[in-house]
Amino acid sequence: MKPQLICLAVIFLLTDCSSVKKRTGNGFNSKPDTFNSESPVGPQADGSYVVSTSQIIDPAGETVVFPGRPVDFALNSDETILAVKNMQNVVFFNVKERKIIASLKYPKGGSSFNGICWDDAESKIWVSDSRGFLRSIKMRDGSFAWDDEIKLPGYDNGNPYPGGIAIDQDKLYVALNRNNTLGMFDLVTKKLEKEVPVGVAPYAVELYRDKAYVTNWGGRHPASGEISHSSSGTSVLIDEKTGVASSGTVSVISIPGGRLVKEIGTKLHPSGMCFSADSTLLYVANANSDAVSVIDTKIDSVIETFSSKPDGDLPFGSAPNDLCASRDGKTLYISNGGDNLISVFDLSRHKITGLIPAGWYPGSVIVTKDGKTLITGNMKGIGSRQEVREHGRNTHDQTGSVSFIDVPGEDSLKAYTERAATNMRLPRINLEMKLAEGSEKLVPVPVRPGEKSFFKHVIYIIKENRTYDQVLGDMPSGNGDSSLCIFGKKYTPNQHKIAAEFVLLDNTYCNGVLSAEGHNWTSQGYATDYLERSFPDWVRGYPWNGDDPLVYSPAGFIWDYVKKAGLKFRTYGEFVKDEVIPENSTWTDLYRDYKSGSHRIKIKAIPTIHTLEDSYCPEYTGSPRTINDQYKADVFIRELHDFEKNGNFPNLMMLSLPNNHTSGTQEGFPVPTSMVADNDLALGRIVEAVSKSKYWKETAIFVIEDDPQNGLDHIDGHRTTAFCISPYTKRGSVISTHYNQNSILRTIELILGLPPMTQFDLIAYPMSDCFTSTPDLTPYEALPNNVPLDLMNPELSSITGEQLKWAKKSMALNLMGNDDLEYEEEITLNKILWHSVKGYDVPYPDSY
C-alpha cells in the first residue's frame, strides 16, 4: 500500500494524518475577476480551486479539508473541541490546534440533514442519523465511542428522519422531519414524553426560557381547498403558477407542557436560527428567499426581514442557511451557501458591511465567545477531490472542509470582501446586469441588448451519468485519457461523429453529483439547500423527476420563463412519471413489441408538475430501463414530422434520453455496451431528422448528461460529454471554454430572449465560442450501431467467478429509477460497468 492511501485510510480509522490538507489564506490579497475562461475544475496555480459551478474557492483563514460532506457542527462550552456532523462519520477537531483529532463512523447508514448537540454536562454528544435514530457519543480518556441510541417515534411506520437537536438539562428536543413533529425526550429514561405537531418538514430547534422554536422547511399545512402537492407523504402548500413550495414558518411550542402556541410566517425554506446576544430577537435564515427574518421573542412575530445577498439587485441564489450573532450584539454572520461566503451584517446600521470568503457551500457557522474566531463548515469543501484512486476522479469523491477564520478588522474585512466578491464572480454578474444597448443585428447567441438570434427553436437533450473520459477520452484532439474510456467510438459512433463534425467540448461540467441534483440543475439552473443537505440517504425520497415541491427553486423552471414570454414549450420524458401496461412487462417484452409494431403494450407519460399538463408528450416516457431509446426517438421524430405539416414547432423542447445509464449486468436487460449503443443511435437519429427538416436552419440542439456519477475522469468527476449542434456551429473545432449545465441554460435564455433565472446561469459563460455567423446547412447522417441492441446479460446460472460476483451485486441494485442508491452502491455500479467492458481481470483504478 502506498503512503497516500495509508493516510486517507487513517482518516477513516479515527486518527489524524498529514495528508489532511491545511491551507492558510493571507486575507489581504484582493484580486480582480481573473477567472480564466478555459480553467479546468480543480486546483489552480495560485492555490485556489475552481469548481463546476464556475466559482472560485479561496477561503479565508485556515481550512482543513477531509473526505465527506459536513452539514452541521457543535462546539463544547470551553471551545476546545468541535464535533462535526459529516456524511458517513462524526469528525472531531482540536480547536486550538485547528486539526482533526479523531473520527467516528456511523454504526449504520449515515448523517441526516442537521442535528448535533453536546449535553449540558458535556459528557456526551447527541447526533441524529439518517436511519431514524438518535445516537450518543461518549468521551473516554480523550477518545470517542458510540454509547447509546434512541429509536424514534414513528420508526415502525417509516423513517421519522430526525434533524435539529436542542438539550436543556435532562430534556432533549428533536425535529422529526417526516413526522412533522417535535419529539420531547427524557434523557434519564430515554423515553418519549410527547410528540408535538408542528409545520411541514421541521428542520432546527432553538430553546428560550419556556419555549421551543422550530423552523419548518415546508411552512404551514395547507388548508382545505388550497393548492398543494405531496412531499414524502405530506401535503405542501405550493405556488399555483410554478408548483414550488410557497410557505415557510417557525412553530412556537410551550414547554414543558408541549403545546403548539403559534405559527409564525417567515420567508421560504427557513433553516438555521440564532438568538441575539440578549435573546430578545430570533434570527432565521430563509434559504429559498435569500433573506433573514427577525422575530421578536416577546410577541413572537416577525418585525423585520432583510436580504443576505451581497448585492440587493442580484437574482436568486445566495441560499442563506445558517447564522450566528456575536456576543457583543453588534454583528450577525450569515452563511450564504450559494455564494460561498459569510455575509457580515452590522446590526446597529442594519446593513451588510462586508463579506468573508468561505469554502464551497458553507452550511454552518459559529463565532467563539470572545468574538475572535469564526468557524464555518463547508459542505462541498473543494469539490470531489478525494485522493482515493491511482487516476480518475468521480463525483462521489466528495471533500468537505472546516475553516477557522480570525474575525477581521476593518482593513482585513475590506480585502476579504473584494476576494469573496471575486470568488462568487460578482464583477461578472454586475457586468452582465449593466450591459448597454447594442446595435440591432442577427447573431447565433445574442450577448448584448438589441441583438436577436438566428435561432427560433432549441432542442435540449438530457442523457444519463457519463463522464467525458468514459465516452470521448479516446478522441486524440481533446483533453482525454483513453485508459478511462469504456464506451468509446465502437459503442458511441454518433457521439464521436457529432463531436468531430460540429464541436468537441472538452471542458464542460455537470454542476451536481447525482441525478437528484442533476435534473434540477438542468431545468432550474440551481440546486436548493434541501437537495444539498439530503446526502447520503435521501430519506424523504429521491427527487430527480419533480415529485417533491420542497426541491424546487423559487425562481422556477426554464419552461416557466418560456411560457411567460409567450413562447411554446414541450417536454419529452423530463419531469414525468411512467405507466406501462401490463405493469410487469420486461425489457424483452417491450423490445419485441417495438420491433413488431404491434403496440400491445401501452406506454404512457404523466407530468409530475401541474404546470406541464399542457406541455408534454403523453407517449414519451422518462427513465424506465425497460423502454429502449429507439422507441423514444421514433416518438419524437413522428411529432417532428407533424410539426412540419402544421407549422407549430415549439420554441424549446426538453428530451430525456436516459439509456446510456444502463442496467448494469442485471439479468433480463441488455449488456451495458448495447444500452449505450441504443442511446447513441437514438441521438444520431434525432439529430439527423432535425437536420433534414425544414426547421434545421433555425434550430440549435444542445446535449448534456444530467450528472456524470457512474464514471471516472482524469480532470474531475464533474466533467462530462456535451454537444452543440446547429447550422451555425463552428464545425470541426475543439472548444475548451469552461462550460457547465448553466452555460446551456444561459445560451437558451439568450437565444429565446429570456432573463436569467438565478445567479448561476448569470455567471456561466454562454456558448458563444461554439458558433459562427456563416451557416453550414449540410445535414447530419446518422451512423448505425456496431453492436446488437439486444445482446442480453447472461443469466446467473450460466456464469461463474468474478463475473457472477459482480452480476449478483448488480441484481441487488435498484436501477429502475434514476439512481436511488446509497453511496457505496453508486461505487459498486461504477465497478460493474468498468469490469463489464474492460474485463473481470482488469483492476478498477480504485486506489494507489
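The values are calculated or read from the model by the stated rules, or taken from the named source; none is laboratory data. The model shown is predicted, which means the values in this text are computed figures rather than measured ones. Neighbour counts run over all protein chains shown; Cβ positions are idealised from the backbone, glycine included. Heavy atoms of the whole protein, side chains included, go into the accessibility calculation; ligands, DNA and RNA do not. Shrake-Rupley method; radii C 1.70, N 1.55, O 1.52, S 1.80 Å.
Numbers below:
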quantity: Distance-filtered residues of segment 756-780 - backbone nitrogen under 17 Å, label point 7 angstrom along Ser37 Cα→Cβ; calculated: 762-773
quantity: Separation between Cα centres of segment 135-214 and segment 725-754, rounded to whole Å; calculated: 49 Å
quantity: Over segment 145-187, relative contact order from alpha-carbon pairs under 8 Å, at least 6 apart, %; calculated: 29 percent
quantity: Residues of the chain: accessible area per residue with a 1.4 Å probe, Å²; calculated: 34 Å²
quantity: The chain - share of DSSP beta bridges that are antiparallel (%, nearest 5); calculated: 85 percent
quantity: Approximate spin-label separation Thr305-Ser768, in nm, with each point projected 7 Å along Cα-to-Cβ; calculated: 3.7 nm
quantity: D (Stokes-Einstein, µm²/s), Kirkwood Cα radius, segment 467-527, 1.306 mPa s at 10 °C; calculated: 126 µm²/s
quantity: Folded to 0 to 90 degrees: helix 629-646 orientation relative to the chain principal axis, Cα; calculated: 70 degrees
quantity: Net charge dipole size for segment 677-756 [Lys, Arg +1 and Asp, Glu -1 on Cβ; Debye, nearest 20]; calculated: 540 debye
quantity: Residues whose placed amide H lies under 5 Å from that of Ala201, excluding near-sequence neighbours; calculated: Asn180, Gly218
quantity: Mean-position separation - Cα centroids, segment 371-437 and segment 330-363, in angstrom; calculated: 12 Å
quantity: Met475 accessible area, assembled protein chains, probe 1.4 Å, Å²; calculated: 20 Å²
quantity: In Å², nearest 10: area of Val402 left accessible to a 1.4 Å probe; calculated: 0 Å²
quantity: Helix 741-752 vs. the chain, principal-axis angle (Cα, 0 to 90°, nearest 10); calculated: 60 degrees
quantity: Leading residue at positive end of dipole, the chain (Cβ point charges), from Val471, Ile366, Ile299; calculated: Val471
quantity: Stretch gain in nm, segment Asp370-Glu698, where the contour uses 0.36 nm per residue and the Cα spacing is subtracted; calculated: 111.7 nm
quantity: Unit Cα scatterers, Debye sum, the chain: log10 I(q)/I(0) for q = 0.05, 0.08, 0.09, 0.10 Å⁻¹; calculated: -0.26, -0.68, -0.87, -1.08
quantity: Relative packing of 534-543, 170-179, which averages over residues the other C-beta atoms within 10 Å, highest first; calculated: 170-179, 534-543
quantity: Relative contact order computed over segment 59-192 (Cα-Cα under 8 Å; 6+ residues apart), in percent; calculated: 15 percent
quantity: Solvent exposure, largest accessible area first (probe 1.4 Å, DNA, RNA and ligands not counted), of Lys151, Lys241, Lys85; calculated: Lys241, Lys151, Lys85
quantity: Amide N proximity, segment 799-843 versus His391 label position 7 Å along Cα-to-Cβ, cut-off under 12 Å; calculated: none
quantity: Exposure of Thr571 as accessible area (Å², to 10), given a probe of 1.4 Å and all protein chains; calculated: 0 Å²
quantity: Those GluC sites (Glu not before Pro) in segment 404-446 that DSSP places in a loop and that have at most 11 other beta carbons within 10 Å; calculated: Glu437, Glu440
quantity: Anisotropy class of segment 404-515 from Cα gyration tensor, a/c 1.5 cut; calculated: oblate
quantity: Thr586-Ser477 FRET efficiency (beta carbon distance; Förster radius 51 Å; 0.05 resolution); calculated: 0.80
quantity: Net length gained if the chain between Glu613 and Asp790 were fully extended (0.36 nm per residue, minus Cα distance); calculated: 60.3 nm
quantity: ³J(HN,Hα), Karplus 6.51/-1.76/1.60, whole Hz, each residue of segment 202-214, x for Gly, Pro; calculated: x, 10, 10, 10, 10, 10, 8, 6, 9, 10, 10, 10, 10
quantity: Surface share of carbon and sulfur [accessible, 1.4 angstrom probe, percent] for the chain; calculated: 49 percent
quantity: Ellipticity estimate at 222 nm from DSSP helix runs (n ≥ 4, -39,500 (n - 2.57)) divided over the chain, nearest 500; calculated: -5500 deg cm²/dmol
quantity: Total lysine pairs whose alpha carbons fall under 26 Å of each other in segment 728-841 (8 or more apart, or interchain); calculated: 6
quantity: Relative packing of peptides 61-73, 511-523 - highest average C-beta neighbours within 10 Å first; calculated: 511-523, 61-73
quantity: Inter-probe distance in nm under a simple model that places probes 7 Å from Cα toward Cβ, at Lys241 and Lys262; calculated: 3.1 nm
quantity: Segment 88-194: GluC sites (Glu not before Pro) in DSSP coil with no more than 13 other Cβ atoms inside 10 Å; calculated: Glu97, Glu122
quantity: Heavy-atom accessible area order for Ile498, Ile606, largest first, 1.4 Å probe; calculated: Ile606, Ile498
quantity: Rel. contact order, % - alpha carbon contacts under 8 angstrom, at least six apart, the chain; calculated: 13 percent
quantity: Low-density loop cleavage sites - GluC sites (Glu not before Pro) in segment 750-846, where at most 13 other Cβ are within 10 Å (DSSP); calculated: Glu781, Glu795
quantity: Length released on extending from Thr80 to Thr353, taking residue separation times 0.36 nm less the Cα-Cα span; calculated: 95.3 nm
quantity: Segment 349-476: C-alpha gyration tensor shape, a/c 1.5 cut-off, then a/b vs b/c; calculated: oblate
quantity: Span from the segment 223-302 Cα centroid across to the segment 645-702 one, whole angstrom; calculated: 43 Å
